[in-house]
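Have a look at the structure below before the remarks.
Derivation of every value follows stated rules applied to the coordinates shown; laboratory data play no part. All values derive from a computational prediction rather than experimental measurement. Here the Cβ is made from the backbone with ideal geometry for all residues, glycine too, and neighbour counts use every protein chain on show.
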Amino acid sequence: MTIRKITILLLFFLLFFLQNRYAISAIDDWVYTFIVNENTNSHLSIMDDGVIRYPIASFHDALLSQSRDYFISNGRFIVHTLVQYFCGTMTMQTFVIFNTLIFGLFTMLVIQLTNRKINTFDLLFVLSAIWILIPHKGLTFMGNISLSINYLWTSVATLSFILMIEKLCSQKHISWGHTLFACMMALIAGSLQESFSIGVSGAIIFYCLFNHQNISKQLMLILTAYLLGTMICVLSPANFGRTEDIGGIGFHWRCLMGIVSSPPIILSAIATIIIAKRGQLIPFVKRNYFLLFASVINLMFASFIAYNGRHQLTAVNICCMVVLLRIWFDLDYPRLRKTISVMLTSIAILSYYPILQNRQAYHQAFTILTKRAHSDNHHGIISGAEFEKLTEQIKHNPILECNYIAVFTFQNWDFYEHSFSSYLTKGKNNRLIEEIKK
């Protein structure tokens, strides 16, 4: 890689860090900061009166908390152990450094998965596509600690596994040393997050059904390890009750809104139709098998089994975007690719500062609200006028709200006031704030 490309990448990571430093540690982070006594109904009980709660102070605390939550909350044991450890022991300012490094790995994996050596203009196209096309980054990439680990960090693990499997499937021999390492990686990646691993596991099952005679013992062990990891996550006793809590089995109409607000899904569907009409569908599917099948199965899972928000389509959007990049770089129109790259890069540059300003303003409004909560003269009622006003403004801006800023409101649900109170007082008082006024 040339010095010019390295410089562009480092600048891109720095720009991501500058945006990410205005992330707000909120909602799930407040809850995951604590461990509660084992006779309560999961970590969500931190808001309840009479519950014994204390901040996570070590990795052991996080492990202990999640060993209980696995049976009463959900099966994301590894991911949420990391979430609780970071929430309890680290400030948001420190976490964004780690998060930027993970984002750097994510970017490099996307580049690697294009399966080609890219020039400077192609690199700018990839970086601009990440910034512009992937929806809901304000929530899943630059959001709070919980969602960043759940989605960005799991994206890195999933893309790493897909990259590894695509290479191993073309190899006739895999050493047992590599097999052992790959099995460990597969087991961990599969167990992280169901909205990623269910799709990949489905792709693996179909792959084994149609190619079982050509699969080596070593590769079969690696694929089986991923399936076992997925089972560890999905078959958690808590997940069966959780499915009903988020809508139950049946078509989820809200998922359509998530699809409509997902450019990679829409564009990849259009591109696939065009490729099919040209009679090139079979080689296209073979080349992008794991990415395509994982996308379709994850989309079906979100549509019919469990859908709790647009962020649940993150895995689908990322896989679709990698497929789009492969299609784009296969086009034998270098001048067109260069022109579009310049245009997309220009849009990314022009959008950067306004987004940064809005993220900074929202962060500042939340900081003001937090200072008021820490004061001694509010008697449980504080003003959140600036924060709530900005929340409404951003909600009415679909570009900001859908893609770059995670917003929430304290209105109409006292859970946020009580969990925020526990967070501010390190678990001592869940009634510090009774009401936050507009």
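The stretch 250-273 to the stretch 5-24: how many Å between their Cα centroids?
29
Can you tell me the orientation of helix 314-330 relative to the chain, as the angle in degrees between its alpha-carbon axis and the longest Cα principal axis, to the nearest 10?
Between the helix axis and the principal axis of the chain, the angle is about 30 degrees.
Between residue 254 and residue 361, with labels modelled 7 Å along Cα→Cβ, what's the label distance in nm to one decimal, could you check?
2.8
Evaluate the Kirkwood expression for the hydrodynamic radius of the stretch 353-437, namely the inverse of the mean inverse distance over all pairs of different C-alpha atoms, and round to one decimal in Å. It would help to have the intermediate numbers written out before the result.
Values: mean 1/r = 0.0741 Å⁻¹.
Averaging 1/r across every pair of different Cα atoms and inverting gives 13.5 Å.
Which one, 410, 125, 301, has the greatest fluctuation when you compute a Gaussian network model over the chain with C-alpha springs under 10 angstrom?
410
Using helices alone, I'd like the mean residue ellipticity at 222 nm for the chain: each DSSP H run of four-plus residues gives -39500 (n - 2.57), total over residue count, nearest 500.
Values: 22 runs with 300 residues, N = 438.
Calculated from helices alone, the mean residue ellipticity at 222 nm is -22000 deg cm²/dmol.
Mind putting a number on the dipole of the chain about its Cα centre? Charges go on the C-beta only, +1 for Lys and Arg and -1 for Asp and Glu, and I need it in Debye to the nearest 20.
Roughly 1760 debye, rounded to the nearest 20.
Can you tell which of 208, 377, 92 lies farthest toward the positive end of the dipole of the chain, using +1 and -1 charges on the Cβ of basic and acidic side chains (Lys, Arg; Asp, Glu)?
Selected residue: 208.
Under the √(5λ) rule applied to the eigenvalues of the Cα gyration tensor, what semi-axes describe the equivalent ellipsoid of the stretch 132-191? Give them in Å, descending.
Details: eigenvalues 177, 36, 6 Å².
The answer is 30, 13, 6 Å, longest axis first.
What nm value, rounded to one decimal, do you get for the distance between residue 370 and residue 434 when each label is placed 7 Å out toward the C-beta?
Inter-label distance under the simple model: 2.6 nm.
How many angstrom separate the Cα center of the stretch 222-238 from the Cα center of the stretch 422-436?
38
As a quick test, which of the pairs 5/277; 395/437; 137/167; 395/426; 389/428 have an alpha carbon distance above 26 angstrom in this structure? Intermediate values should be presented prior to the final figure.
On the way: 5/277 37 Å; 395/437 18 Å; 137/167 29 Å; 395/426 31 Å; 389/428 30 Å.
Flagged as over cut-off: 5/277; 137/167; 395/426; 389/428.
May I ask for the percentage of alpha-carbon pairs in the stretch 307-370 that lie more than 14 Å from each other?
Numbers: 1526 of 2016 pairs.
Percent of Cα pairs beyond 14 Å in the stretch 307-370: 76.
Show the residues, 5+ positions off or on another chain, whose built amide H is closer than 5 Å to the amide H of residue 54.
35
With 10 angstrom as the radius, rank 402, 319, 208 by how many other C-beta atoms surround their C-beta, starting from the fewest.
On the way: 402 18, 319 32, 208 15.
Ordered by Cβ neighbours within 10 Å, fewest first: 208, 402, 319.
Against the globular-protein guess of 2.2 N^0.38 Å, express the Cα radius of gyration of the chain as a ratio, rounded to two decimals. Don't skip to the end; give the middle numbers.
Details: Rg = 22.5 Å, N = 438, 2.2 N^0.38 = 22.2 Å.
Against the compact-globule rule of thumb, the ratio is 1.01.
What angle, in degrees between 0 and 90 and rounded to the nearest 10, separates the Cα long axis of helix 334-374 from the longest principal axis of the Cα atoms of the chain?
Helix 334-374 sits at roughly 20 degrees to that axis.
If I model a spin label at residue 2 and residue 211 as a point 7 Å from the Cα along the Cα→Cβ vector, what separation in nanometres do I get?
The answer from the label model is 3.5 nm.
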